[in-house]
Amino acid sequence: MRISALKTLALATAGSLCLAASGLALAQQAAAPAPRVLKMQSTWPASSSLQENFKLFAERVDKLTAGALKIEAMAGGQVVPPFEVLDATNKKVLDGAHAVTYYWQGKDSAATLFASTPAGPFGMDHMDFLGWMYEGGGLEMYWDWYQNTIKMNVVAFPIMPSSPQAFGWFKRPIKNLADFKGLKCRETGIVAEIFKRMGMSTVNMPGGEIAAAAQRGVIDCAEWVGGIEDLRLGLPQIYKYHYTPGMHEPSVVGEIIINADVWKSLPPQQQEAIRSAATETYVRWWVRWQKMNAEAMNEMRTKFGTQILRTPPEVLTAFLKAWDEIAKEESAKNPVFKKVYESQRAYAALVVPAKRFMYPPYSFAANYYWPTETAKGSKAAAQAKQ
């Protein structure tokens, strides 16, 4: 009986301890704060690969904060029209948005400079532009421009290197500058003003409206992005001629914007998670996107018979000249534009010539291993002479 009583006491004690531990765990769970959810919207259609950049960012924030901070990554139009996401973020209708700064060109001409367009600028590629942002004082100018120049209570980070972008889609061949004069084409931001000076009639519209406008004949030609984006938008089914590259967005970079009060309310660890997620998304999405673009171009040719052609150099040079004129004019009348533009010029003057000297031309090894038709012909002619 005595042994039995001890066993009973031991079992009772163990049970009590289990119940206590269970209760403590439940209490801890109950005390844990619920995840914070930031409601954000992009300017992109739900089917867009640009929207996938936004979703990747949301996934990385979730994992880097162990689920404590979540981003609801909504597509364009789910809460407000695509081009109204900045104002909605400023007013806290949204906690944040995913867009590209040149969409805000109507608020101030310096908007285009924070998207690294046009012309690079000054020949800078994606990584050079990221370098200017983080090593050349660009991020501080970016935030100051939002908060003090256009009076938007937001912070922003570069997140999406969606380029180099194609020159565009046309119903007939474009052999020189005169061939697209008078055409009505979808263009956006300050780029539309540049093309107007080159003789093009331009129409501004969100990406989701381009295909329908092209089918109805509202526009004669269209610029969207190129590669996978244009394939998903259905442009190969509408236009036959696709020209690349373009100098209007050789290294354009999209942004993630967050209401400044929301940003300040986040603990430092979550702010750092957002910074890290934005930079990681910049690199990881871009390398994935380049592969998708290569596959898309093959599909355009083989499935839809798209003629993918090189943009005439005359057109590209004319664009650079027109942009230089506009940039000079904007610098003369907008001191903020001038300050940012000169900062970019100084940074580019340092890194672009050095990079051109240190890096072999991309075409050097590319033509050796993957010769173009012209290169093949030259090689065959050289061999015939031997």
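Key figures for this structure:
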| read-out | value |
| --- | --- |
| Gyration tensor (alpha-carbon) shape descriptor, the range 45-133, a/c threshold 1.5 | oblate |
| Cα-centred dipole magnitude for the chain, charges only on beta-carbon of K, R (+1) and D, E (-1), debye, nearest 20 | 760 debye |
| Difference of contour (0.36 nm per residue) and Cα-Cα distance, Thr317 to Lys91 | 77.2 nm |
| 5 angstrom amide H check on Lys70, placed H, neighbours 5+ away | Arg36, Val37, Leu38 |
| Accessible area of the chain belonging to carbon and sulfur atoms, whole % at 1.4 Å probe | 58 percent |
| Shape call, the range 257-303: gyration tensor on alpha carbons, a/c limit 1.5 | prolate |
| Net lengthening on full extension, Ala178/Ala34 (0.36 nm per residue, minus Cα-Cα) | 45.7 nm |
| Exposure of His126 as accessible area (Å², to 10), given a probe of 1.4 Å and all protein chains | 10 Å² |
| Residue order for Val100, Val79 - accessible surface, 1.4 angstrom probe, largest first | Val79, Val100 |
| Cα-centred dipole magnitude for the range 253-383, charges only on beta-carbon of K, R (+1) and D, E (-1), debye, nearest 20 | 340 debye |
| The range 235-282: trypsin sites (Lys or Arg not before Pro) in DSSP coil with no more than 16 other Cβ atoms inside 10 Å | Lys240 |
| FRET efficiency, 1/(1 + (r/R0)^6) with R0 22 Å, evaluated for Tyr134 and Gln269 via beta carbons | 0.65 |
| Relative contact order computed over the range 164-223 (Cα-Cα under 8 Å; 6+ residues apart), in percent | 43 percent |
| Modelled label reach - Ser47, point 7 Å along Cα→Cβ, the range 190-209 residues with backbone N closer than 19 Å | 205-209 |
| Where only alpha carbons of the chain are counted, the Rg and the Dmax (Å) | 26.5, 111 |
| Positive-end extreme of charge dipole, the chain - chosen from Asn259, Met300, Ser343 (charges on Cβ) | Met300 |
| Charge-dipole axis of the chain as Lys and Arg at +1 and Asp and Glu at -1 on Cβ define it, positive-most pick from Gly136, Phe195, Pro33 | Pro33 |
| GNM top mover of Leu233, Leu183, Leu113 - the chain, alpha-carbon springs below 10 Å | Leu183 |
| For the chain, share of DSSP beta bridges that run antiparallel, in % to the nearest 5 | 45 percent |
| Relative contact order [Cα under 8 Å, 6+ residues apart], the chain, whole percent | 21 percent |
| Accessible area expressed per residue, the chain, with surrounding protein chains retained (probe 1.4 Å, Å²) | 49 Å² |
| The range 192-260: relative contact order in percent, alpha carbon pairs under 8 Å with at least 6 residues between | 20 percent |
| C-alpha center-to-center spacing [the range 275-293, the range 78-132] in angstrom | 18 Å |
| Candidate lysines - alpha carbon under 23 Å from Lys328, same-chain residues fewer than 8 apart omitted | Lys107, Lys196, Lys338, Lys339 |
| Shape of the range 205-270, Cα gyration tensor, a/c cut at 1.5 | prolate |
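The values are calculated or read from the model by the stated rules, or taken from the named source; none is laboratory data. Quick caveat, the model's predicted, so the values are computed rather than measured. Glycine gets a Cβ as well: all are built from the backbone with ideal geometry, and neighbour counts include every protein chain shown. Ligands, DNA and RNA are excluded from the accessible area calculation, which covers all protein heavy atoms including side chains. Shrake-Rupley method; radii C 1.70, N 1.55, O 1.52, S 1.80 Å.
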